[in-house]
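For reference, the structure is listed below as C-alpha coordinates.
The values are calculated or read from the model by the stated rules, or taken from the named source; none is laboratory data. The structure presented is a predicted model; accordingly, all values stated were derived computationally and were not measured. Don't worry about glycine lacking a Cβ; one is built from the backbone with ideal geometry, like all the others, and counts go over all protein chains shown. The accessibility values were calculated without ligands, DNA or RNA, using every heavy atom of the protein model including side chains. Shrake-Rupley method; radii C 1.70, N 1.55, O 1.52, S 1.80 Å.
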Amino acid sequence: MTTCSPGAEAEKHWPVFDSHVDLVYALLQPAAPALADSPFAPPLLAAGGVRVIASALYCADACNGPTAAAQLAALLAADEQLLGGLPRIGTKVELAASWRGDGPPGRLRLLENADALLEFGVAAACAAGIVTVGLTHVGRNRLADGNAVAAPGGLTAAGRQLLAELVAAGRVVDVAHLAPPGFRDVIDHYPGPLVCSHTGLRHFCDRPRNLDEAQLKALLQRGGVVGLAFAPGLLTAAGQAGLDEVCLQLDWLVQRFGAAQVALGSDFGGFEGVCAGLEGHARLPALAERLQQAGYPDAAIAGIMGENWRRFYAAVLPA
(Lines give C-alpha, C1' and ligand atoms only; values in the text may rest on other atoms or scores of the structure.)
Protein backbone atom coordinates (compact mmCIF):
# COMPACT_ATOMS: atom_id res chain seq x y z
CA MET A 1 0.00 0.00 0.00
CA THR A 2 1.34 3.43 -0.92
CA THR A 3 2.25 5.65 1.99
CA CYS A 4 0.47 8.99 1.87
CA SER A 5 0.96 11.65 4.53
CA PRO A 6 -0.91 14.93 4.94
CA GLY A 7 0.36 17.73 2.74
CA ALA A 8 1.74 17.86 -0.76
CA GLU A 9 2.15 14.11 -1.21
CA ALA A 10 -1.47 13.48 -0.22
CA GLU A 11 -2.60 16.13 -2.70
CA LYS A 12 -0.97 14.24 -5.55
CA HIS A 13 -2.65 10.96 -4.71
CA TRP A 14 -6.12 11.98 -3.55
CA PRO A 15 -7.82 14.53 -5.82
CA VAL A 16 -10.97 15.89 -4.16
CA PHE A 17 -14.48 16.50 -5.49
CA ASP A 18 -16.61 18.31 -2.90
CA SER A 19 -20.28 18.03 -3.82
CA HIS A 20 -21.63 20.95 -1.78
CA VAL A 21 -19.84 24.22 -0.99
CA ASP A 22 -21.78 27.35 -0.02
CA LEU A 23 -19.14 29.54 -1.55
CA VAL A 24 -21.37 32.27 -3.01
CA TYR A 25 -23.35 32.51 0.23
CA ALA A 26 -20.14 32.87 2.25
CA LEU A 27 -18.66 35.52 -0.03
CA LEU A 28 -21.88 37.56 0.01
CA GLN A 29 -21.90 37.93 3.80
CA PRO A 30 -21.24 41.42 5.23
CA ALA A 31 -17.53 42.19 5.41
CA ALA A 32 -16.68 38.93 3.64
CA PRO A 33 -13.31 39.04 1.87
CA ALA A 34 -12.82 38.46 -1.84
CA LEU A 35 -12.24 34.90 -2.97
CA ALA A 36 -8.46 35.35 -3.07
CA ASP A 37 -8.41 36.35 0.62
CA SER A 38 -11.05 33.87 1.83
CA PRO A 39 -10.79 30.35 3.24
CA PHE A 40 -11.70 29.22 -0.31
CA ALA A 41 -8.75 30.88 -2.04
CA PRO A 42 -7.47 28.70 -4.90
CA PRO A 43 -4.10 28.03 -3.18
CA LEU A 44 -5.93 26.68 -0.12
CA LEU A 45 -8.15 24.51 -2.31
CA ALA A 46 -5.05 23.25 -4.09
CA ALA A 47 -3.41 22.44 -0.75
CA GLY A 48 -6.29 20.08 -0.06
CA GLY A 49 -6.15 18.48 -3.49
CA VAL A 50 -9.48 20.01 -4.52
CA ARG A 51 -10.13 19.64 -8.25
CA VAL A 52 -13.91 20.19 -8.40
CA ILE A 53 -16.54 21.77 -6.17
CA ALA A 54 -20.30 21.87 -6.58
CA SER A 55 -20.97 25.53 -5.85
CA ALA A 56 -24.40 25.99 -4.28
CA LEU A 57 -26.77 28.74 -5.38
CA TYR A 58 -28.77 29.01 -2.16
CA CYS A 59 -32.21 30.57 -2.66
CA ALA A 60 -33.61 31.57 0.73
CA ASP A 61 -37.08 30.37 1.72
CA ALA A 62 -38.00 33.99 2.46
CA CYS A 63 -37.99 34.64 -1.30
CA ASN A 64 -40.16 31.68 -2.28
CA GLY A 65 -42.87 32.66 -4.74
CA PRO A 66 -42.88 34.76 -7.91
CA THR A 67 -39.93 36.87 -6.69
CA ALA A 68 -37.66 33.84 -6.39
CA ALA A 69 -36.64 34.02 -10.05
CA ALA A 70 -35.13 37.46 -9.48
CA GLN A 71 -33.14 36.13 -6.54
CA LEU A 72 -31.81 33.27 -8.64
CA ALA A 73 -30.79 35.67 -11.41
CA ALA A 74 -28.94 37.79 -8.85
CA LEU A 75 -27.18 34.73 -7.45
CA LEU A 76 -26.07 33.65 -10.91
CA ALA A 77 -24.64 37.12 -11.53
CA ALA A 78 -22.85 37.05 -8.16
CA ASP A 79 -21.51 33.57 -8.87
CA GLU A 80 -20.00 34.77 -12.13
CA GLN A 81 -18.55 37.90 -10.59
CA LEU A 82 -17.17 36.33 -7.41
CA LEU A 83 -16.06 32.95 -8.77
CA GLY A 84 -15.03 33.83 -12.29
CA GLY A 85 -11.50 32.57 -11.57
CA LEU A 86 -12.81 29.04 -11.05
CA PRO A 87 -13.72 27.46 -14.42
CA ARG A 88 -17.37 26.50 -14.81
CA ILE A 89 -18.11 22.83 -15.52
CA GLY A 90 -21.08 21.79 -17.63
CA THR A 91 -19.71 19.07 -19.89
CA LYS A 92 -17.65 15.90 -19.68
CA VAL A 93 -14.74 17.66 -21.36
CA GLU A 94 -14.76 20.51 -18.83
CA LEU A 95 -14.98 18.03 -15.95
CA ALA A 96 -12.03 16.06 -17.30
CA ALA A 97 -9.97 19.23 -17.68
CA SER A 98 -10.57 20.25 -14.06
CA TRP A 99 -9.96 16.73 -12.79
CA ARG A 100 -6.51 16.66 -14.42
CA GLY A 101 -5.55 19.51 -12.10
CA ASP A 102 -3.78 21.59 -14.71
CA GLY A 103 -5.41 24.82 -13.52
CA PRO A 104 -7.59 26.12 -10.69
CA PRO A 105 -10.42 23.93 -9.40
CA GLY A 106 -13.57 23.84 -11.49
CA ARG A 107 -17.10 24.47 -10.27
CA LEU A 108 -20.41 22.82 -11.04
CA ARG A 109 -23.51 24.88 -10.36
CA LEU A 110 -25.97 23.38 -7.88
CA LEU A 111 -29.33 25.03 -7.18
CA GLU A 112 -30.47 24.73 -3.57
CA ASN A 113 -34.23 25.38 -3.42
CA ALA A 114 -35.76 25.20 -6.90
CA ASP A 115 -38.90 27.24 -6.23
CA ALA A 116 -37.51 29.89 -8.60
CA LEU A 117 -37.63 27.52 -11.56
CA LEU A 118 -41.42 27.89 -11.82
CA GLU A 119 -40.82 31.35 -13.30
CA PHE A 120 -37.13 31.19 -14.27
CA GLY A 121 -37.68 28.00 -16.27
CA VAL A 122 -35.72 24.78 -16.63
CA ALA A 123 -34.42 25.75 -20.06
CA ALA A 124 -32.94 28.98 -18.68
CA ALA A 125 -31.43 27.06 -15.76
CA CYS A 126 -29.76 24.67 -18.19
CA ALA A 127 -28.49 27.58 -20.26
CA ALA A 128 -27.03 29.07 -17.07
CA GLY A 129 -25.12 25.85 -16.44
CA ILE A 130 -27.12 24.57 -13.47
CA VAL A 131 -26.34 20.85 -13.39
CA THR A 132 -27.85 19.72 -10.06
CA VAL A 133 -31.20 20.79 -8.60
CA GLY A 134 -32.32 20.49 -4.99
CA LEU A 135 -36.08 20.97 -4.76
CA THR A 136 -36.27 22.62 -1.33
CA HIS A 137 -34.33 24.14 1.48
CA VAL A 138 -35.70 23.62 4.99
CA GLY A 139 -39.11 25.27 4.53
CA ARG A 140 -42.20 24.81 2.39
CA ASN A 141 -42.18 26.02 -1.18
CA ARG A 142 -44.43 25.54 -4.20
CA LEU A 143 -42.79 22.21 -5.07
CA ALA A 144 -42.51 20.28 -1.81
CA ASP A 145 -41.81 20.49 1.91
CA GLY A 146 -38.35 20.80 3.41
CA ASN A 147 -37.06 18.99 6.45
CA ALA A 148 -38.13 21.66 8.97
CA VAL A 149 -41.83 21.58 8.04
CA ALA A 150 -44.13 20.10 10.68
CA ALA A 151 -46.46 17.40 9.32
CA PRO A 152 -44.95 17.59 5.82
CA GLY A 153 -46.54 16.39 2.62
CA GLY A 154 -45.03 15.12 -0.60
CA LEU A 155 -44.54 16.75 -3.96
CA THR A 156 -47.14 19.22 -5.16
CA ALA A 157 -48.56 19.11 -8.68
CA ALA A 158 -46.05 21.85 -9.60
CA GLY A 159 -43.28 19.75 -8.10
CA ARG A 160 -44.24 16.70 -10.14
CA GLN A 161 -44.39 18.79 -13.30
CA LEU A 162 -40.97 20.26 -12.58
CA LEU A 163 -39.54 16.77 -12.11
CA ALA A 164 -40.83 15.83 -15.55
CA GLU A 165 -39.08 18.85 -17.04
CA LEU A 166 -35.85 18.03 -15.20
CA VAL A 167 -35.95 14.47 -16.55
CA ALA A 168 -36.27 15.79 -20.08
CA ALA A 169 -33.38 18.20 -19.47
CA GLY A 170 -31.11 15.49 -18.04
CA ARG A 171 -30.56 17.28 -14.74
CA VAL A 172 -29.38 15.67 -11.51
CA VAL A 173 -31.85 15.94 -8.60
CA ASP A 174 -30.48 16.47 -5.09
CA VAL A 175 -32.65 15.01 -2.31
CA ALA A 176 -30.89 16.97 0.46
CA HIS A 177 -33.33 18.92 2.66
CA LEU A 178 -36.46 17.13 1.42
CA ALA A 179 -38.91 15.98 4.09
CA PRO A 180 -39.48 12.21 4.00
CA PRO A 181 -42.73 12.26 1.94
CA GLY A 182 -41.09 14.34 -0.78
CA PHE A 183 -37.95 12.20 -0.62
CA ARG A 184 -40.04 9.10 -1.25
CA ASP A 185 -41.92 10.76 -4.11
CA VAL A 186 -38.65 11.66 -5.80
CA ILE A 187 -37.22 8.16 -5.34
CA ASP A 188 -40.39 6.63 -6.75
CA HIS A 189 -41.07 9.01 -9.62
CA TYR A 190 -37.80 10.57 -10.81
CA PRO A 191 -36.06 8.20 -13.23
CA GLY A 192 -33.09 10.49 -13.73
CA PRO A 193 -29.84 10.66 -11.72
CA LEU A 194 -30.17 11.27 -7.97
CA VAL A 195 -27.75 12.37 -5.26
CA CYS A 196 -27.69 13.64 -1.73
CA SER A 197 -25.04 16.33 -2.00
CA HIS A 198 -24.61 16.88 1.76
CA THR A 199 -26.13 15.18 4.76
CA GLY A 200 -25.63 13.79 8.22
CA LEU A 201 -26.76 10.36 9.35
CA ARG A 202 -29.75 9.67 11.59
CA HIS A 203 -27.88 6.70 13.09
CA PHE A 204 -25.48 9.15 14.76
CA CYS A 205 -27.54 12.34 14.99
CA ASP A 206 -31.32 11.92 15.03
CA ARG A 207 -32.35 15.16 13.33
CA PRO A 208 -35.02 15.55 10.62
CA ARG A 209 -32.32 17.07 8.40
CA ASN A 210 -30.36 13.80 8.29
CA LEU A 211 -31.00 10.65 6.25
CA ASP A 212 -31.93 7.40 7.94
CA GLU A 213 -30.68 3.98 6.86
CA ALA A 214 -33.78 3.19 4.78
CA GLN A 215 -33.45 6.46 2.86
CA LEU A 216 -29.77 5.85 2.23
CA LYS A 217 -30.50 2.36 0.96
CA ALA A 218 -33.22 3.62 -1.38
CA LEU A 219 -30.97 6.36 -2.78
CA LEU A 220 -27.97 4.12 -3.29
CA GLN A 221 -30.03 1.34 -4.86
CA ARG A 222 -30.99 3.95 -7.47
CA GLY A 223 -27.32 4.46 -8.29
CA GLY A 224 -27.01 7.68 -6.33
CA VAL A 225 -24.06 8.99 -4.34
CA VAL A 226 -24.19 10.41 -0.81
CA GLY A 227 -21.90 13.21 0.41
CA LEU A 228 -21.19 13.36 4.14
CA ALA A 229 -21.26 16.91 5.49
CA PHE A 230 -18.74 18.31 7.96
CA ALA A 231 -21.24 20.48 9.84
CA PRO A 232 -20.91 19.58 13.53
CA GLY A 233 -24.64 20.05 14.07
CA LEU A 234 -25.35 17.30 11.56
CA LEU A 235 -22.74 14.90 12.92
CA THR A 236 -23.52 14.78 16.66
CA ALA A 237 -26.41 15.70 18.92
CA ALA A 238 -24.04 17.85 20.97
CA GLY A 239 -23.16 19.93 17.91
CA GLN A 240 -19.43 19.31 18.38
CA ALA A 241 -17.46 17.06 16.08
CA GLY A 242 -14.08 16.52 14.52
CA LEU A 243 -12.06 14.30 12.24
CA ASP A 244 -12.78 11.23 14.40
CA GLU A 245 -16.54 11.58 13.96
CA VAL A 246 -16.23 12.08 10.20
CA CYS A 247 -14.07 8.98 9.84
CA LEU A 248 -16.41 6.94 12.04
CA GLN A 249 -19.45 7.94 10.01
CA LEU A 250 -17.77 7.40 6.66
CA ASP A 251 -16.79 3.94 7.86
CA TRP A 252 -20.36 3.21 8.96
CA LEU A 253 -21.56 4.08 5.45
CA VAL A 254 -18.89 1.95 3.82
CA GLN A 255 -19.54 -1.05 6.06
CA ARG A 256 -23.23 -1.01 5.18
CA PHE A 257 -23.23 0.08 1.55
CA GLY A 258 -19.71 -0.30 0.18
CA ALA A 259 -17.26 2.42 -0.76
CA ALA A 260 -18.32 3.06 -4.36
CA GLN A 261 -21.18 5.49 -3.56
CA VAL A 262 -19.84 7.21 -0.45
CA ALA A 263 -18.21 10.63 -0.82
CA LEU A 264 -17.76 14.12 0.59
CA GLY A 265 -20.20 17.02 0.64
CA SER A 266 -18.56 19.35 3.14
CA ASP A 267 -21.17 22.16 3.24
CA PHE A 268 -18.25 24.51 3.93
CA GLY A 269 -19.47 28.09 4.05
CA GLY A 270 -22.98 27.04 4.99
CA PHE A 271 -22.75 26.40 8.73
CA GLU A 272 -21.43 27.98 11.89
CA GLY A 273 -18.66 26.46 13.98
CA VAL A 274 -15.89 24.15 12.83
CA CYS A 275 -15.26 20.44 12.55
CA ALA A 276 -12.03 20.05 14.52
CA GLY A 277 -9.26 18.84 12.27
CA LEU A 278 -11.32 19.56 9.16
CA GLU A 279 -11.61 23.32 9.44
CA GLY A 280 -11.28 23.84 5.70
CA HIS A 281 -10.39 22.22 2.42
CA ALA A 282 -6.66 22.48 3.10
CA ARG A 283 -7.10 19.92 5.91
CA LEU A 284 -8.62 17.22 3.68
CA PRO A 285 -5.35 15.31 3.25
CA ALA A 286 -5.58 14.50 6.96
CA LEU A 287 -8.86 12.70 6.28
CA ALA A 288 -7.28 10.63 3.51
CA GLU A 289 -4.37 9.79 5.80
CA ARG A 290 -6.72 8.68 8.57
CA LEU A 291 -8.61 6.39 6.19
CA GLN A 292 -5.32 4.89 5.08
CA GLN A 293 -4.26 4.31 8.66
CA ALA A 294 -7.57 2.48 9.18
CA GLY A 295 -6.60 0.04 6.44
CA TYR A 296 -8.68 1.37 3.57
CA PRO A 297 -7.26 0.39 0.16
CA ASP A 298 -6.08 3.15 -2.12
CA ALA A 299 -8.98 2.68 -4.54
CA ALA A 300 -11.56 3.14 -1.77
CA ILE A 301 -9.82 6.27 -0.45
CA ALA A 302 -9.61 7.73 -3.93
CA GLY A 303 -13.32 7.05 -4.42
CA ILE A 304 -14.41 8.68 -1.17
CA MET A 305 -12.19 11.71 -1.66
CA GLY A 306 -13.45 12.44 -5.15
CA GLU A 307 -13.45 9.68 -7.73
CA ASN A 308 -16.96 8.49 -6.85
CA TRP A 309 -18.37 11.96 -7.60
CA ARG A 310 -16.20 12.34 -10.70
CA ARG A 311 -17.43 9.03 -12.08
CA PHE A 312 -21.06 9.89 -11.35
CA TYR A 313 -20.94 13.28 -13.07
CA ALA A 314 -18.84 12.00 -15.95
CA ALA A 315 -21.71 9.63 -16.69
CA VAL A 316 -24.46 12.26 -16.64
CA LEU A 317 -22.90 15.42 -18.08
CA PRO A 318 -23.32 16.06 -21.81
CA ALA A 319 -20.32 15.46 -24.04
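For the reader, a short list of remarks on this structure follows.
- Scan of region 188-206 for residues that are over 10 Å from Gln249 (Cβ atoms) and among the hydrophobic types (A, V, I, L, M, F, W, C), ordered by number: Leu194, Val195, Cys196
- Residue tally, condition touching a helix residue (DSSP H, G or I) at 6+ places or on another chain (Cβ under 7 Å) and either aliphatic (A, V, I, L, M) or farther than 22 Å from Val138 by Cβ (or both), over region 220-247: 11
- Top-ranked residue of region 188-199 - restricted to ones that are farther than 20 Å from Leu235 by Cβ and under 18 Å from the mean Cα position of the chain (by Cα), ranked as surrounded by the fewest Cβ atoms within 10 Å (Cβ to Cβ): Gly192
- Given (1) part of a helix (DSSP H, G or I); (2) under 21 Å from Cys63 (Cβ atoms); (3) open to solvent by 40 Å² or more (accessible area, probe 1.4 Å); (4) not aliphatic (A, V, I, L, M), number of the condition Pro181 does not satisfy: (2)
Residues checked against (1) modelled with pLDDT under 95; (2) open to solvent by 20 Å² or more (accessible area, probe 1.4 Å); (3) aliphatic (A, V, I, L, M):
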| position | (1), (2), (3) |
| --- | --- |
| Leu201 | no, no, yes |
| Cys205 | no, no, no |
| Asn210 | no, no, no |
| Leu220 | no, no, yes |
| Pro232 | no, no, no |
| Asp251 | no, yes, no |
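- Of all residues in region 91-127, those satisfying the criterion of being crowded, with 19+ Cβ neighbours inside 10 Å and assigned to a loop (DSSP other than H, G, I, E, B) are Pro105, Asn113.
Yes or no, residue by residue, for (1) within 28 Å of Val316 (Cβ to Cβ); (2) of a type outside the set (D, E, K, R); (3) in a loop (DSSP other than H, G, I, E, B); (4) within 19 Å of the chain's Cα centre (by Cα):
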position	(1), (2), (3), (4)
Phe204	no, yes, yes, no
Arg209	yes, no, yes, yes
Leu219	yes, yes, no, yes
Gly227	yes, yes, no, yes
Ala237	no, yes, yes, no
Val246	yes, yes, no, yes
Arg256	yes, no, no, no
Gly273	no, yes, yes, yes
Ala286	no, yes, no, no
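- When residues of region 50-82 are limited to those that are of a type in the set (S, T, N, Q) and in a helix (DSSP H, G or I), the one least open to solvent (accessible area, probe 1.4 Å): Gln71
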